Amino acid sequence: MIRKTRLFTPGPTPLHPAVQEAMARSIVHHRTDEFRGIFRSCTDGLKAFLKTSDDVLILACSGSGGMEAAVANVLSSGESMLALVAGNFGQRWVDIGRAHGMDVRVLEAEWGDAVAPERVAEALDRAPKIGGVFVQLSESSTGAAHDVRAIAEVVRRRPDTVLVVDAISGAGAMPLETSAWGVDVVVVGSQKALSLPPGLAFLSVSEKAWARIEKSTSPRFYFDLRRERKAQAGGESAFTPAIAHVAALEAALDHVASIGGVDALVENAATLAAITRAAARALSLPLVAPKAHGDALTALYPPEGIESAAVVKALKTEFASTVAGGQGRLKGKILRIAHLGYYDVTDILGLLGTLEIVLTRLGAKLELGRGLAAAEAEYLRSKT
């Protein structure tokens, strides 16, 4: 059998061919007009991608580096922050805040659920000196989504509090209206919906957030967003950028524009998520986030008596397909299938078919084709 390697993880995601081609070009020097033109093109494209007129900065780091940059810049050491925790990546806000000496207040939800906006309002009423609310758009450890639009409505009524959103796996897979909703800082990673390798983080920053950044007394050097704002206004980064990644970013953003912009990516992910959920219901595979699910990925429990690690291994061994397992308290308990980025319906239907084969080989009692039939029916229903 021919075996094609396929990646179905929610980061990294498959590289778009235009990205691969751009990264294969000869490297240019980053202090030249040629590169400045590429860099400016990227910042303009990212503004369209995030639907904002605010500054968008490009950093050479992982998405977690972007998260740390957000915390270290909008808050001063010892200041209060509110972290919404509904999974492994919500906990990361807590860990970063504590590492920087912040007074971290936590609102928790069950993994697979989301923190309600009403709880955020109550917490801010109790502690009005909280400087920032930190949340995930897509909690990719569970597949759940927070109602960022409603949370933004709560936060923007408070002039001294900013909303910081980790949209690393959510941007380009779920609706996000950065300026219209009033989101102050959005953090995005390159290896998600934009189909780039890991290595870049992007931050949109509102004027409300800049006011806090200018007053912050937190120690900063590499992640000093004030320095980056000044440098990037001239088409350069403050330090040596990931040059090939930036060139590839321009190609990725050009591709997004060519298919109709970020809304087309979001619609694509929504379709793939809907057909996957339909197949899961038909196969009696419980969703980790049955009510608060997003569309960036689908997280599933395997049939009773079958370990998720065995499913992951079998898909990789027989079909060269890689899906993600669980993280944190869900490690070894779930499967996660990505929909964000460079996937199409054929990719997901193929994976669902091979998943049925693997589950059957592992002893699951299911009717072959039942999940596929449900996915196909959902696709036809959504596209009529």
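Against the definition (touching a His at 6+ places or on another chain (Cβ under 6 Å) and within 27 Å of Leu46 (Cα to Cα)), how does Val164 come out, yes or no? So Val164 fails the test. Quick one: in region 106-116, of everything that is surrounded by fewer than 20 Cβ atoms within 10 Å (Cβ to Cβ) and not aliphatic (A, V, I, L, M), which residue is nearest to Met81 (Cα to Cα)? This residue is Glu108. Restricting region 270-322 to residues that are of a type in the set (S, T, N, Q) and not in a helix (DSSP H, G or I) leaves a set whose member that is farthest from Ala338 (Cα to Cα) is Ser284. When region 96-105 is limited to residues that are touching a strand residue (DSSP E or B) at 6+ places or on another chain (Cβ under 6 Å) and either modelled with pLDDT under 95 or assigned to a helix (DSSP H, G or I) (or both), the one that is least open to solvent (accessible area, probe 1.4 Å) turns out to be Gly97. Just so you know, in region 330-347 the residues that are touching a helix residue (DSSP H, G or I) at 6+ places or on another chain (Cβ under 8 Å) and exposed (fewer than 15 other Cβ atoms within 10 Å of the Cβ) include one that is nearest to Pro198 (Cα to Cα), and it is Asp344. Scanning region 73-95 for residues that are open to solvent by 10 Å² or more (accessible area, probe 1.4 Å) and closer than 16 Å to Ile213 by Cβ gives Ser76, Ser77, Glu79. The criterion of being closer than 24 Å to Gly363 by Cβ, in contact (Cβ under 8 Å) with a residue 60 or more places away in the chain, open to solvent by less than 30 Å² (accessible area, probe 1.4 Å) and not hydrophobic (A, V, I, L, M, F, W, C) does not hold for Thr271.
Take the residues of region 9-47 that are among the small types (Gly, Ala, Ser) and open to solvent by 70 Å² or more (accessible area, probe 1.4 Å): which is nearest to the chain's Cα centre (by Cα)? If we take residues in region 9-47 being among the small types (Gly, Ala, Ser) and open to solvent by 70 Å² or more (accessible area, probe 1.4 Å), then Ala24 is nearest to the chain's Cα centre (by Cα). Scanning region 117-165 for residues that are open to solvent by 10 Å² or more (accessible area, probe 1.4 Å) and in a strand (DSSP E or B) returns a single hit, Ala145. The single residue among Leu265, Leu272, Leu253, Leu300 that is farther than 19 Å from Pro175 by Cβ and of a type outside the set (Phe, Trp, Tyr) turns out to be Leu300. The set of residues from region 239-263 being small (Gly, Ala, Ser) and either in contact (Cβ under 8 Å) with a residue 40 or more places away in the chain or surrounded by 14 or more Cβ atoms within 10 Å (Cβ to Cβ) (or both) comprises Ala242, Ala244, Ala247, Ala248, Ala251, Ala252, Ala257, Gly261. Once region 193-238 is narrowed to residues that are of a type in the set (A, V, I, L, M, F, W, C) and without any contact (Cβ under 8 Å) to a residue 60 or more places away in the chain, the residue that is farthest from Ala338 (Cα to Cα) is Ala211.
More than 10 Å from the chain's Cα centre (by Cα) and among the small types (Gly, Ala, Ser): does that describe Ser204?
yes
The set of residues from region 194-233 being open to solvent by 30 Å² or more (accessible area, probe 1.4 Å) and β-branched (Val, Ile, Thr) comprises just one member, Thr217. Number of residues in region 52-91 that are part of a strand (DSSP E or B), touching a His at 6+ places or on another chain (Cβ under 9 Å) and closer than 21 Å to Pro10 by Cβ: the value is 1.
Within region 323-359, the set of residues being in a loop (DSSP other than H, G, I, E, B) and under 19 Å from Phe89 (Cβ atoms) comprises Val323, Gly325, Gly326, Gln327, Lys331, Gly332, Lys333, Ile334, His339, Leu340, Gly341.
Regarding Lys291, is this residue open to solvent by 50 Å² or more (accessible area, probe 1.4 Å) and either free of Cβ contacts under 8 Å to residues at least 40 places away in the same chain or of a type in the set (A, V, I, L, M) (or both)? So Lys291 does not fit the description; no.
Of Val106, Val115, Val94, Val120, which residue is in contact with a His (Cβ under 7 Å, 6 or more places away or on another chain) and either more than 30 Å from Gly235 (Cβ to Cβ) or of a type in the set (Lys, Arg) (or both)? Write out each step before concluding.
Details: Val106 fails: in contact with a His (Cβ under 7 Å, 6 or more places away or on another chain); Val94 fails: in contact with a His (Cβ under 7 Å, 6 or more places away or on another chain); Val120 fails: in contact with a His (Cβ under 7 Å, 6 or more places away or on another chain).
Only one candidate passes the filter, namely Val115.
If the condition is being open to solvent by less than 10 Å² (accessible area, probe 1.4 Å) and within 10 Å of the chain's Cα centre (by Cα), then region 166-193 contributes Asp166, Ala167, Ser169, Gly170, Ala171, Gly172, Ala173, Val187, Val188, Gly189, Ser190, Ala193.
The values are calculated or read from the model by the stated rules, or taken from the named source; none is laboratory data. Everything numeric here is computed off the predicted structure, so don't read it as measured data. Here Cβ is always computed from backbone atoms with ideal geometry, including for glycine, and neighbour counts include all displayed protein chains. Remember, those area values only see protein heavy atoms, side chains included, never the ligands or the DNA or RNA. Shrake-Rupley method; radii C 1.70, N 1.55, O 1.52, S 1.80 Å.
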